[in-house]
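Participant: Please see the structure below; I have some questions.
The values are calculated or read from the model by the stated rules, or taken from the named source; none is laboratory data. This structure is a prediction, so every number in the text was calculated from the model and none was measured. In this analysis, Cβ positions are derived from the backbone assuming ideal geometry, glycine residues included, and neighbour counts consider all displayed protein chains. Only protein heavy atoms, including side chains, enter the accessible area calculation; ligands, DNA and RNA are left aside. Shrake-Rupley method; radii C 1.70, N 1.55, O 1.52, S 1.80 Å.
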Amino acid sequence: MWTKNKTILLLAAAGILLFGTVQGVILPKWERDRQAYEAAQQNPQTHDLQSIAKYETKYMGNASNLSNLMHSLPLNEVRSTFELHPDTLTADIVYHAKTAEINQERLDRSLIYNATAAFALIGNLGEIRFKFDDRTYTAKRSDLEHWYGKKLSSLTDSPKIWQPVVEQPLDHPDYVEKGIASLFTIL
């Protein structure tokens, strides 16, 4: 009987220790890792290509796909709505904010990144307009393909292609400034 009680106490102690380890160490680490990952998704230079690859489609007509894609890209914390114009193969991302409310450097990097991602993943999207309350940025697929010197869909073949071609150049302010001037019509 005494060994049975000792075994029960030993198992209970092990269970409490294991529970404490899970609650006090493992779960908080997972939460910190999740928060770090989400923060990285807000930055075009650290965004995870694999997180958006599932939104690849040949046709722009799937509004929920485009919506989910945009909500997975940088600037997703800014409230937005979407309008599709299938006759002109154009998508409008309507942000309910002024550009002055967003850090200009972050905004410029995000616009280049988001336009590249949208064109790379949505096969027949021809033009995308990022509409803010005070400004509209319009980009065309042909301009981005000329900028990168290749079909945009080829950029998503691997993170080993995406990172050095799309993400890493965004580290350089001159590149970003030239990209905004070359890739977007701003009204």
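Participant: Restricting to the stretch 65-89, and then to whatever is open to solvent by less than 60 Å² (accessible area, probe 1.4 Å) and among the aliphatic types (A, V, I, L, M), can you tell me which residue is farthest from residue 102 (Cα to Cα)?
Facilitator: Among residues in the stretch 65-89 that are open to solvent by less than 60 Å² (accessible area, probe 1.4 Å) and among the aliphatic types (A, V, I, L, M), the one farthest from residue 102 (Cα to Cα) is 84.
Participant: Could you list, in sequence order, the residues of the stretch 142-165 that are assigned to a helix (DSSP H, G or I) and open to solvent by 50 Å² or more (accessible area, probe 1.4 Å)?
Facilitator: 142, 143, 146, 147, 153, 157, 160, 161, 163, 164
Participant: May I ask you to list pairs of residues, at least six apart or on different chains, whose Cβ atoms are under 7 Å apart, with the first in the stretch 49-62 being on the phi < 0 side of the Ramachandran plot and aromatic (Phe, Trp, Tyr) and the second being open to solvent by 40 Å² or more (accessible area, probe 1.4 Å) and modelled with pLDDT of 90 or more?
Facilitator: Final answer for the pair search is 55/68; 59/123; 59/124.
Participant: Among (1) at pLDDT below 95; (2) open to solvent by less than 40 Å² (accessible area, probe 1.4 Å); (3) of a type outside the set (Gly, Ala, Ser); (4) under 21 Å from residue 60 (Cα atoms), which single condition is residue 112 missing?
Facilitator: All conditions pass for residue 112, except number (1).
Participant: Please go through the stretch 132-141 and give me each residue that is free of Cβ contacts under 8 Å to residues at least 24 places away in the same chain and either more than 19 Å from the chain's Cα centre (by Cα) or open to solvent by less than 30 Å² (accessible area, probe 1.4 Å) (or both), ordered by number.
Facilitator: Selection gives 140 alone.
Participant: Return yes or no: is residue 92 touching a Lys or Arg at 6+ places or on another chain (Cβ under 9 Å), charged (D, E, K, R), under 19 Å from residue 140 (Cβ atoms) and open to solvent by less than 30 Å² (accessible area, probe 1.4 Å)? Working first, answer last.
Facilitator: Values: touching a Lys or Arg at 6+ places or on another chain (Cβ under 9 Å): yes; charged (D, E, K, R): yes; under 19 Å from residue 140 (Cβ atoms): yes; open to solvent by less than 30 Å² (accessible area, probe 1.4 Å): yes.
Answer is yes for this residue.
Participant: Hey, does the stretch 24-31 have a residue that's over 23 Å from residue 158 (Cα atoms), more than 20 Å from the chain's Cα centre (by Cα), among the basic types (Lys, Arg) and at pLDDT below 85? Break it down into steps so the answer makes sense when it comes.
Facilitator: To start, the set of residues in the stretch 24-31 that are over 23 Å from residue 158 (Cα atoms) comprises 24-31.
From the residues that got through so far, the ones that are more than 20 Å from the chain's Cα centre (by Cα) too are 24-30.
Going one step further and asking which of them are among the basic types (Lys, Arg), we end up with 29.
Subsequent filtering for residues that are at pLDDT below 85 retains 29.
Within the stretch 24-31 (the criterion being over 23 Å from residue 158 (Cα atoms), more than 20 Å from the chain's Cα centre (by Cα), among the basic types (Lys, Arg) and at pLDDT below 85), the answer is yes, since at least one residue qualifies.
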